[in-house]
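Undergrad: Below you'll find the structure I mean.
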């Protein structure tokens with residue numbers, strides 16, 4: 001597809017992180033679901049997408065149900081040495097403590113992965129912080145929807161994803177959301193997928209890790225070894 | 001629009017002149033109910049109320065206390081705080097959906113009420129969208145792709161889903177601001193038993 005130059009400047013290139021044509025020019029406002037079995041590298045990919053953007057000065061927001069905010073910040077500081085602290089915001093949903101800052105990175109604590117209003121407030125504050133420091137491009141990762149699905153039902157998670165995608169769309173950001181495909185029934189996965197613009201799917205086949213991308217171009221990509 | 005179809009606005013305000021003024025501005029478009037303090041407000045509240053305009057500083061129950069009880073009762077109404085001081089971000093954390101700072105002009109009052117009604121409309125659109133997506137997923141799980149291609153029901157469902165998606169993206173300016181974003185998320189936690 002031919003795009004004008006002006007438009008392509010605003011596009012997000014994720015192909016450095018995962019080498020697919022369909023990921024080389026992702027429209028601002030796009031939300032992607034990353035699905036795969038446990039330990040298949042979904043969460044690593046989501047973090048790499050954010051780190052790759054941070055290398056270029058983009059903002060990053062991590063919403064985590066699994067990791068300590070401090071651990072996320074350490075990981076970013078190690079992997080993206082040139083990153084400014086103000087580029088990163090973390091919404092820690094594991095439920096321990098109030099707002100805090102660590103070396104200038106914004107941290108918001110939420111009581112539980114089921115507290116959607118709290119998560120929304122955390123994301124809003126993180127986005128506000130990035131906006132104030134002049135980041136008009138940025139990426140958000142939510143890791144993981146599977147944990148959220150143990151706290152609330154699929155209807156609520158679907159709606160959350162839809163609302164959050166709309167918010168990212170107005171901000172011109174992109175979003176990546178992970179889900180463990182082995183942890184839910186097919187109907188749940190099928191419903192959750194519908195809340196997203198595209199899907200990156202992982203699988204193990206013949207002892208290799210493979211991925212494909214769906215929804216971003218007219219045809220799904222073929223499975224590729226990664 | 002008939003009397004019964006009109007959205008219901010409940011004004012909880014201890015100053016009679018102020019309450020009358022709001023009523024005068026709103027009565028053409030909405031069914032307006034008035035309460036002179038928090039207790040009376042809670043009495044007049046039921047499922048038919050769409051929007052509550054709640055004065056924060058009142059003798060007896062404060063606006064914050066009334067709000068807390070409204071949320072405990074799990075009513076679907078949207079609540080705007082009316083206050084003399086410009087609040088900061090915290091009003092959203094406190095559970096209000098919007099605020100109006102005094103003195104209020106007619107135009108502002110209308111805008112706020114309309115925005116709150118639009119949020120309720122968004123909630124029901126989103127609920128509808130979810131139901132259709134769930135139906136689609138059930139069909140996809142139970143039929144082969146050849147059967148789906150033949151199915152008129154599936155075809156209709158897909159076009160309905162696309163229409164709803166478009167409507168949602170136009171509603172609330174596509175969740176363009178923080179207050180819409182948070183209030184919509186709050187609606188998810190409150191409205192679990194639809």
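Undergrad: May I ask for the angle, rounded to the nearest 10°, between helix B:178-190 and the longest principal axis of chain B, with both axes built from Cα atoms and the value confined to 0 to 90°?
TA: The two axes meet at around 80 degrees.
Undergrad: Report D for segment B:72-148 in µm² per second (integer): Stokes-Einstein, Kirkwood Rh on Cα pairs, 4 °C, 1.567 mPa s.
TA: 83
Undergrad: Does anyone have the angle between helix B:16-26 and the longest principal axis of chain B? Alpha-carbon axes, 0 to 90°, nearest 10?
TA: Around 30 degrees separate the two axes.
Undergrad: Sticking with the crude label model, points 7 Å out along Cα→Cβ, report the distance from residue B:65 to residue A:209 in nm, one decimal please.
TA: For residue B:65 paired with residue A:209, the spin-label model returns 5.8 nm.
Undergrad: Next up: Sort B:151, A:40 by Cβ crowding within 10 Å, fewest neighbours at the top.
TA: Starting with the residue having the fewest Cβ neighbours, the order is B:151, A:40.
Undergrad: Further question: To the nearest 10 degrees, how steeply does helix B:152-170 sit against the main Cα axis of chain B, on a 0 to 90 scale?
TA: 30
Undergrad: For a quick check: sort B:36, A:162 by the number of other beta carbons within 10 angstrom, fewest at the front.
TA: Least to most surrounded, the residues fall as B:36, A:162.
Undergrad: How big is the equivalent ellipsoid of segment B:1-108 along its three axes, where each semi-axis is √(5λ) from the Cα gyration tensor, reported in whole Å from largest to smallest?
TA: 20, 17, 14
Undergrad: A further question on this structure: P(r) tail for segment B:119-190, what percent of Cα pairs lie past 13 Å?
TA: Within segment B:119-190, distances greater than 13 Å cover 68 percent of Cα pairs.
Undergrad: Moving on. How far apart, in nm, are two points set 7 Å out from the Cα along the Cα-to-Cβ line at residue A:9 and at residue B:140?
TA: 3.8
Undergrad: Taking the number of other C-beta atoms within 10 Å as the exposure measure, put B:70, B:161, A:121 in order starting with the fewest.
TA: Lowest count first: B:161, B:70, A:121.
Undergrad: Something else: Seen from all sides and averaged, what is the projected area of the convex hull of the Cα atoms in segment A:33-225, in nm²?
TA: Its Cα hull, projected and averaged over all orientations, spans 10.8 nm².
Undergrad: If you take all C-alpha pairs in the protein assembly as shown, what percent of them are over 42 Å apart?
TA: 20
Undergrad: May I pose another question? Once all Cα-Cα distances of segment A:161-226 are split into 5 Å bins that start at 0, what whole-number percent is in each one?
TA: So the P(r) values, bin by bin, are 3, 14, 21, 23, 21, 11, 4, 1, 0.
Undergrad: If you don't mind, another one. Among rounded, prolate and oblate, which fits segment A:85-182 when a ≥ b ≥ c are the square roots of the eigenvalues of its C-alpha gyration tensor, a/c under 1.5 means rounded, and a/b larger than b/c means prolate?
TA: oblate
Any read-out appearing in this document is the output of simple, stated calculations on the displayed coordinates, not a laboratory observation. Note that the structure is a prediction, hence the values are computed from the model and not measured. In this analysis, Cβ positions are derived from the backbone assuming ideal geometry, glycine residues included, and neighbour counts consider all displayed protein chains.
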